[in-house]
Amino acid sequence: MKRARGPVVRLPPALTPRQRQILRLVAEGLTNREIGNRLEISVRTVEVHRFALMQKLKVRNVAQLLRQALALRLLPKNFGS
């Protein structure tokens with residue numbers, strides 16, 4: 001049986017609503033402390049969510065996180081505008 005050859009479509013990983021919320025706030029340039037204050041959660045909880053995001057997206061730093069999030073359309077193209 002032959003497989004159809006075409007572009008490989010990479011589906012974005014499933015993110016929780018909280019991870020999506022934190023991703024948007026990271027994209028806005030907020031620090032962990034600022035995110036925690038805004039969401040009324042601890043800085044440690046923010047760190048755990050960011051770590052999980054970075055693992056899911058297979059990145060090592062915030063620049064890669066944002067680049068990958070844009071590539072996977074997890075953020076709107078004009079998120080910084």
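Rule-based calculations on the coordinates, nothing more; no lab input. Nothing here was measured: the structure is a model prediction, and the numbers come from that model. Virtual Cβ from ideal backbone geometry, glycine too; neighbours counted across all protein chains shown.
Counting Lys and Arg as +1 and Asp and Glu as -1 over every other residue whose Cβ lies under 14 Å from the Cβ of Thr45, the net charge comes to +2.
Once the Cα-Cα distance is subtracted from the 0.36 nm per residue extended length, the Glu34 to Ala52 segment shows a gain of 4.6 nm. Neighbours of Met54, meaning other residues whose beta-carbon lies under 11 angstrom from its beta-carbon, give a summed charge of +3 when Lys and Arg score +1 and Asp and Glu score -1.
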